[in-house]
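The values are calculated or read from the model by the stated rules, or taken from the named source; none is laboratory data. Since the model is a prediction, treat every value here as computed from it, not as a measurement. Please note: Cβ atoms are built from the backbone with ideal geometry, for glycine as well, and neighbour counts cover all protein chains shown. To get the accessible areas, we keep the full protein, side chains included, count just its heavy atoms, and leave off ligands, DNA and RNA. Shrake-Rupley method; radii C 1.70, N 1.55, O 1.52, S 1.80 Å.
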Amino acid sequence: MYRGVFDDILQRAGSNCRRVTRPAKGPDGLTYGEGPNRNDEFEFFCSSSGYTPTGVALGWREESSLSPGSDLLEAILDAQNVSLAWKQVKANRGAAGVDGVSVHDFPELFRGHWSKLRDELMSGTYVPQPVRRVEIDKPDGGKRLLGIPTVLDRVIQQSIAQVLGPILDPGFSEYSFGFRPKRSAHQAVRHLSEVIKSGRRIAVDLDLSKFFDRVDHDVLMCRLARKVSDKRVLRLIGKYLRAGVMVGSRLEQTREGVPQGGPLSPLLANVVLDDLDKELESRGHRFARYADDFIILVKSQRAGERVMASVIGFLERKLKLKVNQAKSKVVKTTQLEFLGFAFRGSRIKWSDKSFSVLKRRLRKLTGRSWGVSMSWRLEKLAQYMRGWIGYYGVAEGFGLCRSLDNWIRRRVRCCYWKQWKTIRNRIRKLLNLGVKRRDALLTAITSNGYWVMSKTPVINGALSNQWLAKQGLVSLAQMWANIHYPTTVR
């Protein structure tokens, strides 16, 4: 155990930190704290071992020259691999773990300690810190449990994932699209669209109940051991699975589950569910899976009910996973929602739930009671709209984008009109925008409300679409067209 390393961190961190006692062989911990990130390179990993960073591109390598029986732990702890892992962790940012060490503070606190940590990892005496429990709201109103590892454990997990990923990934199903290089949710949705086009119009939608929290450790390690024979790596992964969870100041043991939030969790999830993929393939089913979300398409309601009963039996008997019977269903594909998308025939649309979330967020960003400057408002609005269309732009919806643009522009004009406040200021603003004096005066003294005024010819002419675009208001319809017709849109 690296008690000396954390004793040094405790001493340097000051009085704001405290030690968390863990029974028996548990590590020490600190209270949570955050700090800004900075561009410190992970030089201390390399300087203590005589290596220098190579600047290799982030992500997995296309192919691995290692075999599952090679000295994988040496490859994982190679200075180049760890340096690359640090760059990825730093780019992802993220909050501090139970030790309170942020991404910003990590290089300074751990510089010079890598040699000792590496020896502990090689000898098998290293003990990971427990993860910090965080709850985030789910769109359906529930809570999603996240486990935030310490920055050090995130770096080690990322190092493991970078070596095991290229070894394990080639054996995964071609219909598995989640958390894999060169695969995406868009590909999963397009694949389902093609299968629907072939005539399979009934969907078996199975919901795995709290999948990441209920993964059986024995099932996972058994399947991982099929492809990874380096027992030191398996032992290290097992320690991460059993590291425990800090809920407030209380330590809870983890007898099952793969905490969401660590770099290794997505790869381990695919390892567990690969057996499901292979089973569905052997039965000749057409399906798509993204992490624990998967859809099987069949030709009839009767076939769908038969498949659902059979697959539920396989999941509960072989993989020891629990299926949420209340949320699982056999439906027509026109009633299907998958990864935020819906299907009308073989056409891809936004789901009603996704559209509701969009409208709710846009209302908040264009709300007149939000007391921020217009430049800040438009910047945040543009960020959200670009991110939203970047994901949902694959769906058909140009007409809806145009309607949303009109609605957004009208609400933004309301915000401008409210911020101008006084009659004198409104007249001055309108004159500066080229409105005639008489029209500016009559418009400024009106008693009509903001929504009515935003539709008047004077306001529409002064705060024209072109003028709003120059201020930074982006267009959903324009961004949608750029996605679907990139060579014709200028």
Treating every alpha carbon of segment 236-287 as one equal point scatterer without solvent, the Debye formula yields log10 I(q)/I(0) values at q = 0.14, 0.26, 0.32 Å⁻¹ of -0.51, -1.00, -1.21
Contour minus Cα-Cα span, residue 93 to residue 143, at 0.36 nm per residue, comes to 15.7 nm
Carbon/sulfur accessible area of segment 368-451, % of total, 1.4 Å probe, equals 50
Here P(r) for segment 96-136, Cα-Cα distances in 10 Å bins, as whole percents, is 24, 44, 28, 5
So, with points 7 Å from each Cα along the Cβ direction, the residue 456-residue 335 label distance in nm works out to 5.0
Residue 361 and residue 441 label points (each 7 Å along its Cα→Cβ direction) are spaced in nm at 4.7
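I want to verify the translational diffusion coefficient of segment 299-371 in µm²/s; compute it with Stokes-Einstein, Rh as the Kirkwood radius over Cα pairs, at 4 °C and 1.567 mPa s. Please report the intermediate quantities before stating the final value.
Details: Rh = 15.3 Å.
Here the translational diffusion coefficient equals 85 µm²/s.
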Here the residues of segment 328-363 lying in the modelled label zone of residue 207, meaning backbone nitrogen under 11 Å from a point 7 Å along Cα-to-Cβ, are 328-329
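Residue 231 to residue 368: FRET efficiency via 1/(1 + (r/R0)^6), r the Cβ-Cβ distance, R0 56 Å, to the nearest 0.05?
Values: r = 63 Å, r/R0 = 1.13.
The formula returns an efficiency of 0.35 here.
For segment 180-225, divide the Cα radius of gyration by the Kirkwood radius and give the resulting Rg/Rh value with two decimals.
Values: Rg = 15.6 Å, Rh = 13.8 Å.
Here Rg/Rh amounts to 1.13.
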Taking only Cα atoms of segment 70-209, the Rg to Rh ratio with Kirkwood Rh works out at 1.07
With 0.36 nm assigned to each residue of separation and the Cα-Cα distance removed, residue 407 to residue 324 gains 26.0 nm
Label model pair residue 255, residue 375: point-to-point distance (7 angstrom along the Cα→beta-carbon line) in nm is 5.9
Highest mean packing first, using Cβ neighbours within 10 angstrom, the peptides 74-85, 312-323 sort as 74-85, 312-323
Percent of all Cα-Cα pairs per 5 Å bin for segment 218-325, counting from 0 up to the last occupied bin, reads 2, 9, 18, 21, 17, 13, 10, 6, 3, 1, 0
In this structure, among 299/322; 143/327; 278/318, pairs with alpha-carbon gaps over 20 Å are 299/322
Any lysines whose Cα falls less than 20 Å from that of residue 239, other than same-chain ones fewer than 8 residues away, would be 25, 116, 227, 231
Contact order relative to length for segment 341-476, counting C-alpha pairs under 8 Å separated by 6 or more residues, stands in percent at 30
Any lysines whose Cα falls less than 27 Å from that of residue 455, other than same-chain ones fewer than 8 residues away, would be 359, 364, 380, 418, 421, 429, 436, 470
Hits in segment 266-296: amide N under 12 Å from the 7 Å Cα→Cβ extension of residue 303, namely 284-287
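Shape of segment 306-446 from its Cα gyration tensor (a ≥ b ≥ c, root eigenvalues): rounded if a/c is under 1.5, otherwise prolate when a/b > b/c, or oblate? Intermediate results must be reported in sequence, preceding the final value.
Values: a/c = 4.34, a/b = 3.14, b/c = 1.38.
The shape class here is prolate.
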Between residue 339 and residues 5 or more places away or on another chain, the pairs with built amide H atoms under 5 Å apart involve none
Taking 150-159, 382-391, 267-276 and ranking on average Cβ neighbours within 10 Å, highest first, one gets 150-159, 267-276, 382-391
